[in-house]
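Here the structure comes first, spelled out in structure tokens, and everything after it is commentary.
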Amino acid sequence: MTWLSDRALGHLKSMADLPDFSATRYDIEEEIGRGGMGIVFRGRDRELAREVAVKVTTWPGADVDRLRDEARVLAALEHPGIVAVHDAGRLPDGRAYYVMAIVRGERFDERAARVTLADRLRLFDRVCDTVAFAHARGILHLDLKPANIMVGPYGDVRVLDWGLARLGSDPGRPITHMAGTEGYMAPEQARGIVDERSDVYALGAILRGLVAAESALPSRDRGSGVPATGRPLRPLHSIVMRAMAEDPTNRYADVASLAADVRRFVDGHAVDAYREPALERIARVGRTYRTAIALVFAYLAMRIVLIFWGR
Amino acid sequence: MSKPVLGLVLGGVLGVFDGLSALVSAPNDPAVRAGIVGIVIGSTMKGVLTGLIIGWFAKRTQSLASGIAFGLLVGVALAACVSLMQKMSGQPAYYWQIMLPGGILGIIVGYATFTYGAPAPRLTRTAQS
Amino acid sequence: MTAGHPDAFPLTRHSVVRAIASADPEARAQAYDAIIRSYWRPVYAYIRMRWRRDPADAQDLTQEFFTRAFEKEYLARYDASKARFRTFVRTCLEAFLSKDYDAAHRRKRGGGARIESLDFARADADLAAHLRSDAGDPESWFRREWTRALFADAVARLHAECDAAGRPQAFEAFVRYDIDGPDAPVRPTYAALARDLGMSVTDVTNQLAWARRTFRAGVLDAIRAFCATDEEFRAEARDLLGATPEDAR
């Protein structure tokens with residue numbers, strides 16, 4: 001009998017676990033991710049000669065309905081921040097699958113660790129835009145976290161893993177199991193009560209992570225009102241606190257309001273979540289309009305020079 | 001506010017103050033005191049024209065540096081025209097006293113219209129006709 | 001008990017677990033052959049690692065365990081409701097080893113029926129490095145060696161299927177790419193395989209795809225043969241192929 005080395009055994013194990021797509025137009029190449037409901041593979045569409053990603057349920061009979069629902073949610077949402085679904089079906093062994101565009105890039109938190117706070121907040125704004133789009137079509141995500149957000153090479157953002165997504169107007173369908181991820185899940189979500197503010201909470205938790213790392217940044221981002229560290233970050237902390245309020249009635253009513261407040265912070269304007277003292281307001285206005293103020297002072301200085309020159 | 005309109009308003013406001021500053025730079029000159037209204041009106045109109053031209057240019061450029069440079073050029077050029085007109089009418093020319101502030105005001109308007117003016121709306125065409 | 005050539009096996013797979021309790025002695029003997037083929041390495045590894053016996057002792061005990069299991073029909077007493085078959089085998093082994101079995105009670109070397117062609121030397125070489133360190137526990141070794149035997153069995157089955165289907169090149173490509181390939185300094189490309197096997201790259205792709213599909217089916221078949229119920233089969237497949245029970249929420 002052939003003796004198999006450990007390496008060969010490992011390779012054969014992962015190959016044996018590959019789902020059988022021989023009856024379809026897709027060739028499965030390798031596993032690229034594994035989530036609660038299924039495994040994601042890199043594959044190839046033979047008809048269109050392009051790379052695709054294929055999500056398959058872990059085992060026959062498991063989570064078939066949930067995967068189909070996830071595919072339908074994605075198919076109903078056409079947005080640059082949501083991956084496009086190409087196809088869906090069932091394998092001969094009973095497993096369900098759907099085929100989507102392959103997403104290239106890095107995880108949100110990995111990209112965030114390498115850029116300035118202002119750039120992180122701009123990426124965050126794009127995530128909010130994507131989630132707000134889904135909310136406008138009655139779909140909640142309910143599992144937002146950095147691991148479910150990819151950032152492409154050009155700063156394009158994709159929100160993935162809509163496996164827990166549900167229609168916000170469909171309260172009759174209860175959440176039958178503990179959904180979401182600890183640290184990002186709104187308190188009421190554990191009790192099965194969800195609405196847009198549950199996603200606001202998760203976005204607040206993501207924002208908190210972005211803000212927490214700012215002390216590691218080497219320099220401030222020029223051309224924006226965003227400082228690198230210190231007291232001027234209080235408005236941003238207030239935004240986080242409001243987004244992550246225990247009581248949903250104390251949070252932002254929707255994702256658009258959260259995003260608008262973050263944009264105001266990036267542009268150097270006053271934010272809704274923070275009542276700033278007068279001195280801080282003066283300092284903020286001074287920072288935001290520092291160049292214009294410097295130019296005016298230059299004009300005044302020049303006038304004074306001309307006064308003395310003329311005498 | 002669009003860039004040309006912002007330029008117009010800002011240029012006009014700065015022109016008023018620039019005109020009034022003649023009282024500070026030449027407080028004892030009776031000609032200045034007597035003609036202050038005309039100075040302010042002239043300065044305002046120069047500021048409005050300067051601001052309009054700079055705002056129009058800011059709408060067409062993607063570069064802050066070129067917006068500022070253009071503002072400086074227009075500010076100095078129009079101020080030079082005013083000085084020449086003064087000389088031709090027999091008054092003292094005050095080249096530096098007019099061109100220097102004119103140039104700085106041009107820089108201010110160039111920076112402000114580029115940074116704070118609303119960008120021009122982009123026309124989008126759909127792929128399907 | 002028939003000595004049985006461990007490399008031979010029936011092309012049609014029957015449930016080994018059911019066959020060991022069969023009234024037909026031929027079916028029982030074939031089932032025990034299948035069990036020996038799949039379990040001798042994990043049993044040997046377990047005796048060496050858990051009981052720290054020297055190679056000679058461990059070889060004798062391995063032989064003795066299977067001989068007694070056949071004669072006393074230990075394994076026919078398996079109850080699927082209590083545990084997986086793999087766990088049951090290990091429990092029987094533990095019970096066998098815990099008896100104070102000194103050399104006087106063992107059959108003399110060379111006496112009694114012997115199981116042929118068990119590559120103890122190879123098994124020893126594999127264990128040597130791990131016996132020196134404390135890395136890995138005997139239970140996980142038992143599972144690992146059981147998996148290795150299962151897959152080796154599936155490779156042998158694939159070989160027979162390729163011969164029967166007139167696709168010897170499919171097996172050749174499979175061995176070179178999927179078995180030898182992971183250990184090679186540079187894995188062969190499809191183009192290199194095509195050149196060596198005298199076919200086009202597309203043919204290599206298709207032959208490998210066929211071989212892998214057949215191999216996958218053979219692995220699942222092999223797992224199923226040692227499971228009494230569908231539920232046990234699903235659990236074993238998840239456990240052995242990398243997907244963990246936590247993945248199926």
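Under a Cβ-only charge scheme (Lys and Arg +1, Asp and Glu -1), can you give me the dipole magnitude of the protein assembly as shown about the Cα centre, in debye to the nearest 20?
Roughly 2520 debye for the protein assembly as shown.
What is the log10 of I(q)/I(0) for the stretch B:3-116, computed with the Debye formula using one identical point scatterer on each Cα and no solvent, at q = 0.10 Å⁻¹?
For the stretch B:3-116, the Cα-only Debye profile gives -0.27.
Relative to the longest principal axis of chain B, what angle (0 to 90°, nearest 10) does the C-alpha long axis of helix B:36-60 take?
20 degrees
Mind grabbing the base-10 log of I(q)/I(0) for the stretch C:16-247 at q = 0.08 Å⁻¹? Debye formula, identical points on the C-alpha positions, no solvent, two decimal places.
-0.36
Any number yet on Rg/Rh for the stretch A:19-71, C-alpha, Kirkwood?
For the stretch A:19-71, the value is 0.97.
Taking the full set of protein chains and a 1.4 angstrom probe, give the accessible area of A:S14 in square angstrom, rounded to the nearest 10.
About 70 Å², rounded to the nearest 10.
GluC sites (Glu not before Pro), restricted to the stretch A:1-110: which are DSSP loop and have at most 16 other Cβ atoms within 10 Å?
Numbers: sites: A:E29, A:E30, A:E31, A:E47, A:E51, A:E70, A:E78, A:E106, A:E110; in loops: A:E47, A:E78.
Those satisfying the criteria are A:E47, A:E78.
Measure nothing but the geometry: give the 0 to 90° angle between the long axis through the Cα atoms of A:6-16 and the longest principal axis through the Cα atoms of chain A, rounded to 10°.
Roughly 80 degrees between the two axes.
Remind me, relative contact order of the stretch A:7-101 in percent, using alpha carbon pairs under 8 angstrom and six or more residues apart? Please list the in-between numbers first.
Numbers: 158 pairs, mean separation 21.5, N = 95.
Normalised by residue count, the contact order of the stretch A:7-101 is 23 percent.
Report the semi-axes of the equivalent ellipsoid for the protein assembly as shown in whole Å, largest first, where each axis is √(5λ) for an eigenvalue λ of the Cα gyration tensor.
Equivalent ellipsoid of the protein assembly as shown: 80, 26, 24 Å, largest first.
Write down, largest first, the equivalent ellipsoid semi-axes of the stretch A:7-101 in whole Å, where each equals the square root of 5 times an eigenvalue of the alpha-carbon gyration tensor.
Here the semi-axes work out to 22, 16, 13 Å.
So which trypsin sites (Lys or Arg not before Pro) in the stretch A:3-55 end up in coil per DSSP with only 16 or fewer other C-beta atoms within 10 Å? Before the final figure, lay out each step's value.
On the way: sites: A:R7, A:K13, A:R25, A:R34, A:R42, A:R44, A:R46, A:R50, A:K55; in loops: A:R25, A:R46.
The qualifying sites are A:R25, A:R46.
When the helix-only estimate is applied to the protein assembly as shown (DSSP H runs of n ≥ 4, each -39,500 (n - 2.57), divided by the residue count), what is the mean residue ellipticity at 222 nm, nearest 500 deg cm²/dmol?
-18000 deg cm²/dmol
Give me the dipole magnitude in Debye, nearest 20, for the stretch A:45-121 about the Cα centre, with unit charges on the beta carbon: positive for Lys and Arg, negative for Asp and Glu.
Details: 13 positive and 14 negative charges, 21 e Å.
With Lys and Arg at +1 and Asp and Glu at -1, about 100 debye.
Could you rank B:K3, C:K82 by how accessible they are, 1.4 Å probe, largest area first?
C:K82, B:K3
If I fit a long axis through the Cα atoms of helix B:3-25 and take the longest principal axis of the Cα atoms of chain B, what angle between them do I get, 0 to 90°, rounded to 10?
20 degrees
A 27 angstrom limit on the alpha carbon distance is what I want to check against. Which of B:K3/B:K87; A:K55/A:K145; C:K72/C:K99 exceed it?
Cα-Cα > 27 Å for B:K3/B:K87; rest within.
GNM, chain A, Cα, under 10 Å: largest mean-square fluctuation among A:A205, A:A112, A:A292?
Comparing A:A205, A:A112, A:A292 in the GNM, the peak value goes to A:A292.
If you scale each eigenvalue of the Cα gyration tensor by 5 and take the root, what three semi-axes come out for chain A, rounded to whole angstrom and sorted largest first?
Numbers: eigenvalues 450, 112, 55 Å².
The answer is 47, 24, 17 Å, longest axis first.
Hey, got the Cα dimensions of the stretch C:128-242 along the principal axes, in Å, largest first?
Cα extents, longest axis first: 46, 38, 20 Å.
The values are calculated or read from the model by the stated rules, or taken from the named source; none is laboratory data. Only a predicted model underlies this, so the values are computations on that prediction, with no experimental measurement involved. Counting neighbours? That spans all protein chains shown, and the Cβs are built from the backbone with ideal geometry, glycine included. These area figures cover heavy atoms from the full protein model, side chains too; ligands, DNA and RNA do not enter into them. Shrake-Rupley method; radii C 1.70, N 1.55, O 1.52, S 1.80 Å.
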